[in-house]
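Report on the structure given below.
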Amino acid sequence: MLAALPFPNIDPILYTIQIAGLELPIRWYALAYIAGLLLGLFYVNRMIRADRLWQANTPPLDRKQAEDLLTWMVIGVVVGGRLGFVMFYEPEYYLQNPAEILKVWQGGMAFHGGFLGVIVGILLFSWRYRLKALSIGDLVAAAAPLGIMFGRIANFINAELWGRPTNQPWGVIFPTDAAQICGPEFGAICARHPSQLYEAALEGLVLFLVIAWMIWRRDALKVPGRVIGVFLLGYGLARIFVEMFRQADQQFLTTENPFGHVIQLSAEWGLTMGQVLSLPMVVIGLLLLLLPRRA
């Protein structure tokens, strides 16, 4: 008999608050974003307090500006992540139901959209305060894996973005109907790779530790853009690897998707859409690491 792990079946809603007859659900997914942002702020403050990490022992911003940066990052993540989901995943549905775009509490965020939103937020924040965008980006890149880790754990709790079918003993039996369709070759038990946890480990914990070592042991923050390069390269490679175990998003498989030509080309090359979106991150990360800059 095939061995597999049962899904822990954690309720995606931690608690529901009743306010004036309205129900406000507190979801693990929202808490993951909050935890990632608050821990990120704590870590950013820790880095800017360590003068020795920076060129001429001078951090690029102060604690008050770091708090303002958090606000810009929240806006960038939420707006960018939501618009990325709308544009890449279900554009036709949201064009027909534009009011649904604002209902972010119902779920539906895209990492690459949130990533682009954060880039815009960093550029605008740096312009607003006349700061060095690369150094601000280094701070954000150092803290970002914490948020990614919590977000992927929340994906697992939500039983979404699961992996491909597997016969491995650590495969998980996800409770959703779609996850139960694996094909006759996998027998009666439909187990899948817990790819969300793979991503939490590689894109989150491992990447955070690598960047932390670069910062605290190799003075990476003294070279503006180096931490960004490590993050882009590390995330891109980790995502490309995990995509080999992650089930393709169904929205990308529809013929109505406006990015159909990209999907078809990536399929001909044996790549998933996630891998195609991550390849530019690898290239840009390598360029940032290889281009000479003064320490």
| task | Along Cα→Cβ, 7 Å out, is where each label goes; now give me the distance between the ones at Ala50 and Ile19 in nm to one decimal. | result | 3.8
| task | Could you go through the range 285-291 in sequence order and give the Karplus-derived ³J(HN,Hα) for each residue, using 6.51 cos²θ - 1.76 cosθ + 1.60 with θ = phi - 60°, rounded to whole Hz, and x for Gly and Pro? | result | x, 4, 4, 5, 7, 8, 5
| note | Sorted list, accessible surface of protein heavy atoms, 1.4 Å probe, largest first, for Thr16, Thr166 is Thr16, Thr166
| task | Using a Förster distance of 35 angstrom, determine the FRET efficiency expected from the C-beta separation of Val120 and Asn167, and round it to 0.05. | result | 0.20
| Measuring from label point to label point, each 7 Å out along Cα→Cβ, what is the Ile181 to Val78 span in nm? | 3.5
| task | Report the full-extension gain for the segment Leu39 to Leu287: residue separation times 0.36 nm, less the Cα-Cα distance, to one decimal in nm. | result | 86.4 nm
| message | What is the angle, in °, between the Cα long axis of helix 207-218 and the longest principal axis of the Cα atoms in the chain? Nearest 10 is fine, range 0 to 90. | response | 20
| Interchain or long-range residues, amide H under 5 Å from Gly163's placed H | His193, Ser195, Gln196, Gln247
| query | Based on the Cβ-Cβ distance of Ile26 and Asp62, what FRET efficiency does E = 1/(1 + (r/R0)^6) give at R0 = 30 Å, to the nearest 0.05? | reply | 0.35
| field | Full-extension gain in nm, Asp219 to Phe241, via 0.36 nm per residue minus C-alpha separation | value | 5.1 nm
| query | Sorted from largest down, what three extents in whole angstroms do the Cα atoms of the range 21-151 have along their principal axes? | reply | 54, 29, 26
| field | For Leu5, residues with placed amide H under 5 Å, excluding near neighbours | value | Gly171, Val172, Ile173
| request: Report the normalised scattering of the chain as log10 I(q)/I(0) at q = 0.08, 0.13 Å⁻¹, calculated by the Debye formula with identical scatterers on the alpha carbons. | output: -0.38, -0.99
| request: Kindly report, to the nearest 10 Å², the accessible surface of Cys190 as traced by a 1.4 Å probe over protein heavy atoms only. | output: 10
| said: Please compute, over every Cα-Cα pair in the range 137-220, the percentage with a separation greater than 19 angstrom. | reply: 48
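The values are calculated or read from the model by the stated rules, or taken from the named source; none is laboratory data. Predicted model only: the values in this text are computed from it and were never measured. Counting neighbours? That spans all protein chains shown, and the Cβs are built from the backbone with ideal geometry, glycine included. Quick note on the areas: whole protein, heavy atoms, side chains included, nothing else; ligands and nucleic acids left out. Shrake-Rupley method; radii C 1.70, N 1.55, O 1.52, S 1.80 Å.
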